[in-house]
Structures are given as C-alpha cells and as structure tokens.
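The values are calculated or read from the model by the stated rules, or taken from the named source; none is laboratory data. Computed from a predicted structure; not experimentally measured. Every residue, glycine among them, receives a Cβ derived from its backbone with ideal geometry; neighbour counts consider all protein chains shown. SASA here: full protein model, heavy atoms, side chains in, ligands and nucleic acids out. Shrake-Rupley method; radii C 1.70, N 1.55, O 1.52, S 1.80 Å.
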Amino acid sequence: MLKNYLKIAWRNLLRNISFSLINIFGLAIGIATCLLIMLFVQHELSYDRFNEKADRIVRITFHGKMNGGEIKEANVMPPVAETFKKDFPEIQAATRVHSLGTPRITYGDKTFKEDAFAFVDANFFDVFTLPLLKGDAKTVLTQPNTAVIAAEVARKYFGNENPMGKVLQLKDQKAALTVTGVIDQVPANSHFHFGVFASMTSLPAAKEQNWMISGFYTYFLLKEGTDYKKLEAKLQQEVDKYIGPQLQKSMGVTMSQFRQNGNNLGFYLQPLTDIHLHSDLTGDMEPHGDIQYVYIFSAVAVFMLLIACINFMNLSTAGASKRAKEVGIRKVMGSVKKQLITQFLFESLLLTAMALLLALGFVYFLLPVFNNLAGQDLTSQLKANVLTIPALILFGLFTGVLAGSYPAFFLSSFNPITVLKGRFLSGKRSTGLRSSLVVFQFFISIGLIIGTLIVYKQLSYIQHKKLGYNKDQVIVVEEAYWLGNNQNAFKQQLLQDPRVISISSSGYLPAGNSYGNKYMVYPDASTTHLMQTIKYDADYNYIPTLGMQIAAGRNFSKDFGADSTGIILNETAAKAFGWGEKAIGHSISHSENDGKTKTYQVIGIVKDFHFKSLHELITPLVMIMGNDNGNLIVKAKTKDIGALLQTMKKHWTDLNAESAFSYSFLDDRFNNTYKSEQNIGNILGIFAGLTIFVACLGLFGLTIFTAEQRTKEIGIRKVLGANIASLIALISKDFLKLVFIAFLIAAPIAWFAMNKWLQSFAYRIEISWWLFIVVAVVATVIALFTVGFQAVKAALANPVKSLRSE
C-alpha cells in the first residue's frame with residue numbers, strides 16, 4: 001500500500017509540475033525562514049538557563065525616584081550581600097560581581113589589555129555553573145590575590161604552559177594575582193562574559209559598609225520553595241534600617257523627610273533568566289536583548305509558515321477539478337474516505353519532504369548572513385544540539401499535515417456520482433476559503449512592509465536628529481593611558497598637524513561605551529533638594545572639541561584659576577534646580593566618599609545634548625574639571641582620514657606605547673547604540689520581501705488556475721469583440737479586490753503595533769498618513785504584476801484553440 005501511495009504521489013507531482021514546483025519552492029522559503037527564526041528565538045530564551053540552579057537565582061536591583069528623576073540600577077551597595085544573607089533566612093547564599101573594566105595585566109616582559117575582568121566572591125562558582133578544568137571550585141578564590149581565568153586567556157598569557165600557580169601583575173593597581181583555577185569559557189548565552197575572575201577579598205572597596213555607593217552586582221541563591229516576590233516585599237524595611245542613617249548623616253535629611261519631598265528608594269529582585277530579555281536597568285554589564293523582538297520574530301516565523309501552507313491549500317483545492325474523476329473512480333472501485341485522506345496526506349508529506357531538504361540548503365547558505373544581521377552565532381548552536389535531526393523530522397511532519405489536511409479532507413469528500421457525470425463544481429465555499437486565505441497572506445505581507453518602512457523612518461530620524469554635539473570627523477583614541485607620561489607629547493604632535501582642529505582628554509563620551517557614574521548633588525547647601533545627576537570630567541577643550549554650545553555663562557578657562565571648583569550644568573539640570581538661565585553664581589554641593597562635602601560654583605550652562613540613547617529623555621548632567629586620561633577625543637578636518645590615522649599610529653608607536661594603537665569614530669559609536677534596531681529593520685525588510693514573494697507565488701498559481709478555468713469564457717468574449725484590456729481586467733480585478741481588502745485590515749493593525757513600538761523611544765517620528773498610501777500602491781502594483789503576466793497570456797490566446805471541444 002505504501003509503495004502504491006508513493007507511486008501515485010510521484011505521478012501526480014510530475015503531471016502537475018508547475019503547481020508542484022510552486023508548492024515546493026514556497027514551502028521551502030517558509031520553512032527556511034521559520035527555522036532561522038526558531039534558532040534565534042531559542043537562543044534568546046536560553047540565556048543563563050545553563051546554570052543548574054537558575055530557577056533559584058535572583059539579582060537584587062536598586063530603584064527609586066529623586067526630584068522627578070527615576071533610578072533603576074542593576075548594581076547595589078557593597079554590604080548588601082552579607083547583610084541581607086544574615087537578615088533573611090530564605091537566602092541560601094549571596095555572591096557579588098564587581099567589574100574592573102579593561103585593566104593592564106603584565107606577565108614576564110609582556111603587557112596585555114584584559115577586555116573582561118571582574119572581582120567575584122569566593123562562593124561564585126558554587127552559585128553559577130561554570131565548571132573548572134583545573135582547580136577546586138570551593139577553594140579557588142578563598143585566598144586574597146588569587147584568580148580563575150578562562151582557557152583562552154590562559155593561552156594568550158602562557159601559551160601551552162600550565163597556568164596553575166602562575167603570577168599575573170595588575171599594573172595599574174600594583175597588585176599580583178596567582179592563577180588557582182581555569183574554566184573552559186563562559187557560555188555565549190550568559191548575561192556576563194569575563195575572562196578573569198579575581199578574588200573579591202583582594203578589593204578593599206568590597207569590605208566597605210557604605211550604603212551611599214554602589215557598583216556591586218549581587219545575586220542571591222534562594223532556598224528551595226522560596227517565592228522571590230514575598231522576599232522582595234520584605235526588602236523595603238532594609239532601606240530605612242541601613243540607608244536612612246547614612247542618608248541623614250551625609251545629607252542632613254531623614255528618610256521620612258526624603259519621602260515627604262516626593263522621593264523614594266527600594267530594592268527589587270530580578271530572576272536570573274529574566275535579565276537578558278526583561279531588563280531595562282542602567283549599568284548592566286552587557287547590552288541585552290528585548291522580549292518584544294522575540295515576540296515579533298516568533299510571529300513572523302508563524303506567519304511565514306502559514307503563508308507557505310496557505311499556498312499549498314489554495315493550489316490543491318483550486319486544482320481539485322483535475323482530480324475529481326480520479327476520486328470518483330476510486331470511490332466506485334471501493335476506496336474508502338480514510339484511504340483517500342491517507343493518499344492525499346502522503347502526497348503532501350512527499351512535497352513537504354522535498355521542501356524541507358531545499359529549506360535546509362537555504363538555511364546552510366543563509367545562516368552566516370542571518371548571524372551577521374542578528375549579531376549572533378547560531379551555527380555552533382545548531383551543530384551542538386543533538387535534538388536537531390529529530391526536531392526537523394517532527395517539524396516536517398507537522399508542516400506536511402498542516403498544509404495537506406484541508407485539501408485531503410476536501411478532495412476525499414467528493415460525491416462519486418456527481419463528479420463522474422462531469423458536474424463537479426468547486427463551489428462558493430472553496431472559492432470563499434481561497435479568497436480568505438489570499439487576503440490573510442497579503443494582510444501579513446502588507447503589515448510587514450508598513451512595519452519595515454516605519455522602522456527605517458525612525459532610524460533615519462535618529463541619524464539626522466540634532467544631538468547637541470558634532471559627531472562627524474571625531475576620532476576617539478581609546479585607552480590613551482597606555483602612553484603613560486608620553487600622552488602630552490602625543491597630543492602636542494597631533495596639534496601641530498593642520499588636519500587636527502582640537503583635542504580633549506576624557507573617558508566620558510556622549511555616544512557608545514563611556515564611563516558611567518551616579519553623582520548625588522544638592523543646590524545652595526539645601527540638602528532637602530538632593531538630585532542624582534551624571535558627572536563628566538572634562539578639560540578646557542572638551543566642549544569646543546565636541547561642538548557643544550554654551551547657553552549661559554562660560555566654558556572652563558585657564559584664565560580663571562578657581563575653575564577647579566567651577567561646575568557647568570546642562571540646561572535640564574539648571575531647570576531641575578529651578579534656576580534656568582539664572583543658575584550662574586549658584587553653588588552645587590556633593591558629599592565625597594570620605595564624608596567631606598565639596599562645593600562647586602556654577603560658571604556655565606551647556607545646551608542640552610543627547611548623552612544617552614534616544615530611547616531615554618535627557619537627564620541632569622554636570623561637568624567638572626578633571627584630569628581624565630581614559631581617551632583622547634580628536635576633532636579632525638580632512639578628506640583623507642586614513643592618512644591622518646596612519647600619522648597618528650606612527651606617533652603612537654614612536655612613543656613606545658605598551659599597547660597597539662586603537663581608535664574608533666564617534667559617529668560609529670553612535671550608530672552602534674542603535675545596532676539592534678538596525679538589525680531589526682534589516683531582518684524585517686528581508687522577511688517582508690520573502691512574505692510578499694511567497695504570497696505572490698500563490699497568487700501566480702491561482703491566476704494560472706483561474707485562466708485555465710475560464711479559457712472558454714475568454715474565447716467566447718474575444719469572438720464577441722472583447723479587447724485585450726477588458727480581458728486582463730476581467731481576470732485581475734477579483735485578485736486586486738482581495739489585496740485591497742487585505743490592506744484595509746492590515747493598515748490599522750500595523751499602525752497600532754508600530755505606534756506601540758515607537759513609544760519605547762523618548763524621541764520619535766509621527767506616523768504619516770501618506771506612508772500607508774505608498775504601501776497600498778506598492779502592494780497593488782506587485783499584485784497586478786503577478787497576475788498581469790498570466791492574464792495577458794490568457795487574453796492573447798487564440799480563441800479557436802480555447803473553443804475547440806475537448
């Protein structure tokens with residue numbers, strides 16, 4: 001029986017080769033798209049789940065409101081871990097991570113820049129599942145000045161030598177670290193990736209009992225059965241108990257007075273597995289994903305597969321008349337409905353198997369492109385998953401049954417007497433279903449086109465919005481501290497170059513990765529008006545180098561010796577303090593870590609500039625004079641940037657810097673801030689094109705069928721004098737009507753969805769009405785082009801041949 005099913009399926013495939021190829025190709029595109037997106041979604045949802053205790057690990061975060069500003073911090077104070085572990089029996093273990101950034105590490109006569117370095121508590125490897133290749137997880141970090149390193153880092157420092165017991169020198173901290181353990185590597189789907197884990201007992205700041213500073217990412221391992229929400233409700237009492245006294249001591253205001261002024265502070269718990277996709281906190285260790293994009297891509301995957309399956313259903317039911325007599329004869333000869341359903345499902349599975357093989361070929365060639373667009377590495381994940389082949393088989397079976405079930409039941413339900421008399425009609429029911437499915441296909445396609453255009457418009461708006469600073473031809477020489485005492489000589493050499501306009505020294509940049517901080521200040525000694533701001537250390541050239549504008553007062557100047565106690569506010573800070581343009585001459589106070597208060601006099605107001613993503617509103621910022629050697633910011637004026645960079649590299653090398661010359665462009669750093677949105681736009685654009693292509697494949701197949709069904713009608717009309725244009729309109733109008741209905745449904749839904757997406761930007765475009773008109777015209781042209789070719793072919797056919805008796 002199986003052999004017979006296969007033989008009939010193969011003969012039918014060859015007999016209807018054009019429909020079969022359209023089905024196979026359309027299904028292949030739908031399956032390939034679905035597979036690619038499923039890999040992406042599975043990867044995003046897998047973050048941090050490799051940890052054996054992931055379901056019991058939470059991160060404690062710090063939230064609050066202060067003078068209208070919102071605080072949402074991913075890290076907390078040094079004593080939180082030990083204190084909360086002692087106060088709450090629900091906490092089985094508490095561990096901390098403190099990132100050191102990119103320190104210089106020396107081994108022998110070589111100095112390296114370590115891109116990912118962190119101090120962690122001794123129990124870190126008991127909480128997180130990072131198996132050690134060498135060393136004992138319980139003891140590797142119990143002693144001061146010890147470190148666990150990744151195998152790749154070990155190869156970088158020691159080559160093929162055994163790393164155990166080797167001593168690394170932290171150059172800037174003047175400390176030594178003994179290697180006591182080696183891990184393979186931190187998995188790609190982790191929310192942190194460090195190459196060196198040093199003992200927290202080596203860090204003096206970790207022992208401080210200061211509740212007014214932060215910087216420690218703190219995780220709790222909860223006991224079995226603990227509801228983290230109930231524990232979270234108890235944490236708020238800790239604010240009054242520990243933060244309140246220190247707030248009053250440093251600011252002279254009680255927690256009660258602090259809250260009476262509309263402020264508030266609190267601790268919250270975040271499940272480990274929520275960090276990557278559900279976090280909107282500042283100060284996260286790495287950029288994270290967005291659950292909205294997972295939802296969007298999952299919907300696209302489902303819709304693409306449905307569109308491909310709809311093509312199959314449409315073409316199968318449309319071609320039912322060709323197989324009506326076959327069904328009738330089979331029933332007369334004794335075939336039961338169950339056997340016919342099995343036959344047609346078998347044919348569907350055969351086509352699906354071919355489409356699946358073709359789809360796997362598409363995935364193989366397109367996966368590198370998709371990885372590049374999505375910023376992922378899904379290739380290794382696909383190879384490493386032992387369930388890949390069984391999953392693909394099940395996926396193929398599911399798709400085959402989904403696509404073939406309705407045609408199978410539809411074809412097997414024919415009345416044998418009716419069809420053998422030649423009175424088979426597809427009926428309004430099947431025609432209506434096909435029309436509904438075409439509407440659904442174009443509804444999805446038009447919705448994706450609208451979404452893609454709005455994404456691109458928002459990205460274009462971001463690119464061209466006035467930022468309050470000039471990012472063009474600004475070169476950032478990264479980690480200029482590698483020059484040591486030669487940094488000033490390097491600056492002087494560059495300033496003598498006519499292609500260089502000005503240079504500033506600062507690690508604070510308005511775009512891309514920058515030094516981060518929270519700077520608590522209050523105005524005119526009024527401790528009740530405490531405000532959290534961002535602080536920039538700037539030199540005399542910072543504002544002019546970046547093309548910022550002074551709104552009132554003046555910039556820092558060497559002509560004023562007291563500028564070491566001068567401060568510049570942005571316009572938002574001046575308004576928040578209630579001073580506006582009259583801020584000049586007022587004072588700003590800040591409590592230093594040693595408990596002393598330092599007071600600055602406002603000497604200028606800089607016009608607001610966007611130093612955060614355009615997803616966020618501009619917040620209060622202050623600038624003070626600081627000798628920060630983190631980066632050199634070079635403003636250039638030349639058409640040949642490449643030649644200038646070569647000159648800069650030569651000067652750098654001549655000064656015997658310990659590291660290779662490293663640079664970036666400020667505009668590139670700005671663009672990278674919106675890399676995920678750019679990726680989303682590119683991927684949506686590709687998928688929108690694929691959905692419209694697959695939908696048009698189905699439309700093309702239905703046009704062929706319609707033209708065949710109306711061959712004699714067209715012939716009679718031509719004999720009676722109908723012209724070519726009227727015949728083309730006759731065939732095309734019904735399909736164009738369906739596209740128009742799809743647009744009317746898709747337009748308001750797409751507007752609602754994209755308007756919600758735009759709300760994630762503090763600065764965004766307004767959705768223009770003309771964009772929908774453009775999409776309607778484009779969809780109409782595409783549909784007309786698809787059906788027009790076959791319509792013209794049918795209209796030009798010789799009426800004598802079409803009227804010839806069968």
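Just subtract the alpha-carbon distance of Gln496 and Ala151 from 0.36 nm times their residue separation and send over the number in nm, one decimal.
The Gln496-Ala151 span can extend by a further 119.7 nm.
Quick one: length gained pulling Ser436 to Thr178 fully straight, 0.36 nm per residue minus the C-alpha distance?
Full extension from Ser436 to Thr178 adds 85.9 nm.
Bin width 10 Å, origin at 0, all Cα-Cα pairs of the stretch 50-98: what percent of pairs per bin?
P(r) for the stretch 50-98, in whole percents per bin: 21, 44, 28, 7, 0.
Averaged per residue, what accessible surface does the stretch 554-639 expose to a 1.4 Å probe, in Å²?
It amounts to 47 Å² per residue over the stretch 554-639.
Pull up all non-local amide H partners of Ala552: gap of 5 or more, or a different chain, and H-to-H distance under 5 Å with H placed in the peptide plane.
Ile605
Nearest 0.05, what FRET efficiency do Phe50 and Thr572 give at R0 = 56 Å with Cβ-Cβ as r?
Taking R0 as 56 Å, the efficiency between Phe50 and Thr572 is 0.85.
Given a Förster distance of 30 Å, report the FRET efficiency between Ile749 and Glu232 from their Cβ-Cβ distance, rounded to the nearest 0.05.
That gives a FRET efficiency of 0.25.
With every protein chain in place, what's the accessible area of Thr146 (1.4 Å probe, Å², nearest 10)?
10
Hand me the tally of lysine pairs in the stretch 173-275: alpha carbons under 25 angstrom apart, and the pair either on different chains or 8 or more positions apart.
10
Can you give the extra length, in nm with one decimal, that the chain gains between Glu161 and Ala489 once fully stretched, where that is 0.36 nm per residue apart less the Cα-Cα distance?
114.2 nm is the gain from fully extending Glu161 to Ala489.
Heavy-atom accessible area per residue, the stretch 77-203, 1.4 Å probe: how many Å²?
42
Between Trp770 and Ser662, what is the spin-label point distance in nm, taking each point 7 Å from the Cα along the Cα→C-beta axis?
4.7
When the Kirkwood radius is taken over all Cα pairs of the stretch 640-698, what Stokes-Einstein diffusion coefficient follows at 4 °C and 1.567 mPa s, in µm²/s?
84
Under the Kirkwood approximation applied to all pairs of distinct alpha-carbon atoms, what is the hydrodynamic radius of the stretch 29-76 in Å?
With all distinct Cα pairs of the stretch 29-76 included, I get 14.4 Å.
Where the eigenvalues come from the Cα gyration tensor of the stretch 227-293, what are the semi-axes √(5λ) of the equivalent ellipsoid, largest first, in whole Å?
Taking √(5λ) for each Cα gyration eigenvalue gives 30, 15, 10 Å.
For a protection proxy built on the mean count of beta-carbon atoms within 10 angstrom, sort 752-758, 348-354 highest first, please.
348-354, 752-758
Taking 1 over the mean of 1/r across every pair of different Cα atoms in the stretch 175-226, what Kirkwood radius in Å do you get?
By the Kirkwood definition, the hydrodynamic radius is 14.6 Å.
Arrange the peptides 468-481, 77-90 so that the one whose residues have, on average, the most other Cβ atoms within 10 Å appears first.
My ranking of the peptides, most packed first, is 468-481, 77-90.
Return the FRET efficiency for the residue pair Phe365, Phe693: r is the Cβ-Cβ distance, R0 is 25 Å, and the value is rounded to the nearest 0.05.
FRET efficiency, Phe365 to Phe693: 0.90.
Translational diffusion coefficient of the stretch 57-135 at 37 °C, 0.692 mPa s, Stokes-Einstein with Kirkwood Rh over Cα pairs, in µm²/s as a whole number.
The calculation lands on 209 µm²/s.
What are the semi-axes of the equivalent ellipsoid for the stretch 545-660, taken as the square roots of 5 times the Cα gyration tensor eigenvalues, largest first, in whole Å?
Three semi-axes, in Å: 33, 19, 15.
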